[in-house]
Amino acid sequence: MDSMTLFIASLAVSCVGALASVLLIKADNAAKTAGCLIGAVAAVLSFIAGLEAVLGDVSSLNTVFFFPFARLELLLNGLAGLIVVLISILAFAGFIYGLSYFDEYPGKVGRAGFFMNTFVASMMLVITADNVFWFLVAFELMSLTSYFLVVIEENKNSIRGGWLYFVIAHVGFVLIMASFLLMTNGVGGSFSFSDFRTHDFGPAVSSACFVLAFFGFGAKAGIIPLHSWLPQAHPEAPSNVSALMSGGMIKIGILGILKVGLDLLAGSGVQLWWGLMVLVFGSISSVLGVVYALHEHDIKRLLAYHSVENIGIILLGVGASMTAHALGNDVIATIALMAALYHTLNHAMFKGELFLGAGSLLYATGTRNMEKMGGLFRRMPVTAVCFLIGALAISAIPPLNGFVSEWFTYQSLFNISTLSDPVVMVFAVASAAALAITGALAVTCFVKAYGVSFASSPRSQEAANAKESPAPMLFSQMLLAAICV
């Protein structure tokens, strides 16, 4: 079976999971079991489809529709396949985790199953859409379904976080739409991405398109200064949804920046200042993200700020790749792009694990405040070991996955500093220094987070009475921790 057939099958199964959750909405256990198990099956199918695409089985779909602009065009190539794979792994872990964790949401399990299945399906459509109309429809569906998951507890904090997320997501949506409409106008009204790739829009139009897309997708990725929704929205969602949003959804922002800069505008050529701009925002996001995290006592807010940091690290690789490409050195551009994509995958795994670990701590103690935890290593040994692996990985400690991708990012920055352009050298050295500062502060932050949560003595009665998480929650954490190794 080819990759596109498997991919379409996974979307159909996700729809079945969403429908089953709604039909069983009054029976929490049945809705939870149906929604989570069917969603896990869909994740397995999409994982196989994405892996086949990464290994070279590039496939597409182009169907006739009532209106020419709304032709359903899908493209599952190597880049799309990689993002499909990482989201599939997170979705599978999240659905299995939900078999126990959704017990914390009585009366809301059916809604959670419906929106989570729809959320995963919409992300898959965004990744593979090869047409402006369907890309924007799927992007909006992704934002709306994740919004309803953020506000599912219907309390003051979740509603405030959801509203901020809703506003910034739609600011980004407008910028992305403006970028695509500029490109559409340049190719005579075509909505097909295939027509964009071969067209030379000229330096002015292509630059306007890239800047609009960079900030539009940057809002979804959480770059500074468009990051404020992450620490407000991610902590309020169920922890397995937080893992999907932080590990998966914000990577679609990275995919969008790459898609526009290196794919849709390929006929116009990459301009040097694009890469330098990406390096600047990557440096700022990486350093400030970890600085903000250092001041947090809420473990899920701390992890959300570290998503800002790691998006910055990924952007350093993207910026280095675009800079090298503009200077005509495709070898360094390839190494830098590899670093960015590998850290995209790695961040999904260790951040997904850490959010699931935070969910286990919340499940056991009833609080996200690390100052009310302590002594949990003895009471929750499996969660403690898995969280430790995730903490070491995000801190770039060898031989775990975070170290390897950050090492390649350093190599990329050092290499572009030797390309006989003094301006590029200054930007590259400053970016490498920012990455070094980020790494040191990340270690400090996670020494604090792990020590306060798991070491010493319990600092509350809830922590003293904590018990290990149920088997489905432990399985999901161990799966992601094993991938980090």
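Only the coordinates and a few stated rules stand behind these numbers; no lab work does. Remember, it's a predicted structure, so these values are computed and weren't measured experimentally. A quick note on method: Cβ atoms are made from the backbone with ideal geometry, for glycine too, and the neighbour counts reach across all protein chains shown.
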(request) Please give the residues of the range 433-447, grouped as numeric ranges, whose backbone N is less than 14 Å from a label point set 7 Å along the Cα-to-Cβ vector of Val291. (result) 434-435, 437-439, 441-442
(request) Going by C-beta contacts inside 10 Å, put Trp274, Trp134 in order with the fewest on the left. (result) Trp134, Trp274
(request) Mind sorting His199, His234 by how few other Cβ atoms lie within 10 Å of their own Cβ, fewest first? (result) His199, His234
(message) Along the charge dipole of the range 1-150, pointing to its positive end and built from +1/-1 on Cβ of Lys, Arg, Asp and Glu, which listed residue (Leu24, Leu6, Gly56) has its Cα farthest out?
(response) Leu24
(request) Let me know the charge dipole size of the chain about its Cα centre in debye, to the nearest 20, where only the beta-carbon of Lys, Arg (+1) and Asp, Glu (-1) is charged. (result) 1060 debye
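Between Glu371 and Ala440, what length comes free when the chain is fully extended (0.36 nm per residue of separation minus the Cα-Cα distance, one decimal in nm)? Each step should come with its number before you reach the end.
Values: separation 69, 0.36 × 69 = 24.84 nm, distance 2.29 nm.
Extending this stretch completely gives an extra 22.6 nm.
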(message) How would the chain be classified by its alpha-carbon gyration tensor: rounded, prolate or oblate, with rounded meaning a/c under 1.5 and the a/b versus b/c comparison settling the rest?
(response) oblate
(request) Please report how far the C-alpha centroid of the range 274-336 lies from that of the range 119-138, rounded to the nearest whole angstrom. (result) 25 Å
(message) Taking the Cα centroid of the range 12-81 and of the range 343-381, what is the distance between the two, rounded to the nearest whole Å?
(response) 29 Å
(request) Return the distance in nm (one decimal) between the two label points of a simple spin-label model at Val22 and Ala433, each offset 7 Å from Cα along Cα→Cβ. (result) 5.6 nm
(message) With 10 angstrom as the radius, rank Ser417, Ser194 by how many other C-beta atoms surround their C-beta, starting from the fewest.
(response) Ser194, Ser417
(message) Given points 7 Å out from each Cα along the Cα-Cβ axis, report the Ser60 to Trp273 separation in nanometres with one decimal.
(response) 3.3 nm
(request) Taking the Cα centre of the range 270-485 as origin, work out the dipole magnitude from +1 charges on Lys and Arg Cβ and -1 charges on Asp and Glu Cβ, in debye rounded to 20. (result) 680 debye
(message) For a Förster distance of 25 Å, can you work out the FRET efficiency between the beta-carbons of Asp103 and Val485, rounded to the nearest 0.05?
(response) 0.25
(request) Please check the chain for the longest run free of trypsin sites (Lys or Arg not before Pro) that are loop-located per DSSP (anything but H, G, I, E, B) and have at most 14 other Cβ atoms within 10 Å. (result) 27-466
(request) Determine the dipole magnitude for the range 146-254: charges of +1 sit on the beta-carbon of Lys and Arg, -1 on that of Asp and Glu, nothing else is charged, the reference point is the Cα centre, and the result goes in debye to the nearest 20. (result) 120 debye
(message) Over 23 Å between Cα atoms: which of Lys32/Lys372; Lys372/Lys448; Lys220/Lys300; Lys156/Lys448; Lys220/Lys448 fall into that group?
(response) Lys32/Lys372; Lys156/Lys448; Lys220/Lys448
